[in-house]
Amino acid sequence: MNKLVPSLCLCLLSLAGIDLAHAAEGAPDAKVGELVTKALADYPGKDITLITVDYPPGAVDPVHRHDAHAVVYVLEGSIVMGVKGQPERTLNPGDTFYEGPNDIHTVGHNASKTKPAKFLVFMLKDAKKPILTPVN
């Protein structure tokens, strides 16, 4: 009987992981609004981009990177952010979060299932790079 318990636990954990993955797939999408993109004449090949991100309740980002220096500033609600190798953080209005050009953004979601959240992101990036690149 004792040999069955570890196998059963692993099976249940695997099933729980599948359920969590499907829950994230069904989460509402974030809405991104580009406010400005400006080429920097004194930094050839670089631009600054400012975007807003609106997280509906329960919104979850896919794992991604920005290939940019990115600074997040929370305007309303609470969000959870994290990059690979660092602990995730819950951010509230007025809080900031930094991602470097080599960071992989592993955690990004609205901390609430009932209230929206909104934040600004300021990026310094290569002009030819997209704002967001999914990572598998």
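The values are calculated or read from the model by the stated rules, or taken from the named source; none is laboratory data. Computed from a predicted model, the values in this text were never measured in an experiment. Cβ: placed from backbone, ideal geometry, glycine included. Neighbour counts: every protein chain shown. When the accessible area is computed, the model is the full protein with side chains, heavy atoms only, and any ligands, DNA or RNA have been set aside. Shrake-Rupley method; radii C 1.70, N 1.55, O 1.52, S 1.80 Å.
If you go through the stretch 124-136 and pick out every residue that is surrounded by fewer than 17 Cβ atoms within 10 Å (Cβ to Cβ) and part of a strand (DSSP E or B), you end up with 4. Would you confirm whether or not the stretch 107-123 contains a residue that is more than 21 Å from Val60 (Cβ to Cβ), open to solvent by 50 Å² or more (accessible area, probe 1.4 Å) and in contact (Cβ under 8 Å) with a residue 12 or more places away in the chain? Yes, the conditions are met somewhere in the stretch 107-123.
If you go through the stretch 93-106 and keep only what is crowded, with 19+ Cβ neighbours inside 10 Å and assigned to a strand (DSSP E or B), you end up with Phe97, Glu99, His105.
Scan the stretch 51-82 for residues that are over 20 Å from Lys115 (Cα atoms), in contact with a Ser or Thr (Cβ under 8 Å, 6 or more places away or on another chain), open to solvent by 10 Å² or more (accessible area, probe 1.4 Å) and part of a strand (DSSP E or B) and the total you get is 2. Taken as a whole, the structure places Glu76 among residues that are closer than 13 Å to Val53 by Cβ and not hydrophobic (A, V, I, L, M, F, W, C). Examine the stretch 1-11 for a residue that is of a type in the set (A, V, I, L, M), closer than 30 Å to Asn92 by Cβ, at pLDDT below 95 and more than 19 Å from the chain's Cα centre (by Cα), and state whether such a residue exists. No, every residue in the stretch 1-11 fails to be of a type in the set (A, V, I, L, M), closer than 30 Å to Asn92 by Cβ, at pLDDT below 95 and more than 19 Å from the chain's Cα centre (by Cα).
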